[in-house]
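The values are calculated or read from the model by the stated rules, or taken from the named source; none is laboratory data. Keep in mind it's a predicted model, so treat the numbers as computed, not measured. Quick reminder, even Gly has a Cβ in these numbers, built from the backbone with ideal geometry, and neighbours come from all protein chains shown. The protein model used for the area step is the full one, side chains on, heavy atoms only, and it has no ligands, DNA or RNA in it. Shrake-Rupley method; radii C 1.70, N 1.55, O 1.52, S 1.80 Å.
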Amino acid sequence: MRYRGIAAAVVVAASLPLTACSSTADAATIAWIDKVCGVSVKLGDVFAAVKPMNDEPAKVKAQSVSESDARVTAIDQAVSDLNALKKGPHADSEKYVSPLVDMYTKMKPSLERARNAIRSADEQDPTAVNAALATIDKETDEVNRIRSGYQSVTIAADLADAEGKAANCKKLPSANKK
């Protein structure tokens, strides 16, 4: 039986529309925002690390459990790292970070449901493994819906300038849309 690959290469990084005033960011703000964007870059890397599936249900389950565990762990770590970055060097630091924390926190239950589905599937039953993969696909769609519904914020121009100068922010898919 052929198992379809999990379409879970979700990029969970989000963009923040920025104000258009001119200003220059200081080095501390650039370094701080680089760390914030780095959290999303690392999370995106975990989500993009989907390997091709083979034909054996036990191997499909093992790989899917491993990937699901990695995603839940990465979301937890991202939320923890971002919460630690809320007190940044800029007046808008918390305003910039909080929506990302909220978005990632809302994604976690879907990732946990996906993980639970594949963990509970009987690895000897191809139908059960396929059903679990369908649940993973459904929950991945929910994660994408949450990401697409992300509410961005308007921030000060010097923070926008810092985002434009930070190396990790330039790695985010949203950086190419500006």
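For this structure, a couple of remarks:
- Computed from the alpha carbon positions, the gyration tensor of the stretch 23-124 leads to an equivalent ellipsoid with semi-axes of 36, 14, 8 Å, biggest first.
- Per residue accessible area of the stretch 103-165, 1.4 Å probe, in Å²: 47
- Each residue of the stretch 23-76 gets 72 Å³ once the volume of the Cα convex hull is shared out per residue.
- Surface accessible to a 1.4 Å probe, M53 within the full protein complex, Å²: 30
- Net charge over other residues, Cβ less than 15 angstrom from the Cβ of N144 (K, R count +1; D, E count -1): +3
- On the stretch 46-170, 49 percent of the accessible area sits on carbon and sulfur atoms, based on a 1.4 Å probe.
- Rounded to whole numbers, the Karplus 3J(HN,Hα) couplings from phi for the stretch 53-70 are 8, 10, 9, 8, x, 5, 6, 4, 4, 4, 5, 5, 5, 4, 5, 5, 4, 4 Hz, using 6.51 cos²θ - 1.76 cosθ + 1.60 with θ = phi - 60°, and x at Gly and Pro.
- Applied to the stretch 87-96, the Karplus parametrisation 6.51 cos²θ - 1.76 cosθ + 1.60 on θ = phi - 60° returns per-residue 3J(HN,Hα) values of 8, x, x, 10, 4, 9, 4, 5, 4, 6 Hz, with x for Gly and Pro.
- For the residue pairs K59/K106; K106/K170; K42/K95; K35/K86; K138/K171, the alpha carbons lie more than 19 Å apart in K59/K106; K106/K170; K42/K95; K138/K171.
- Among the trypsin sites (Lys or Arg not before Pro) within the stretch 72-163, those in coil by DSSP and having at most 10 neighbouring Cβ atoms inside 10 Å are K87.
- Aspartates and glutamates whose Cα lies under 14 Å from that of K165, excluding same-chain neighbours fewer than 8 positions away: D26, D34
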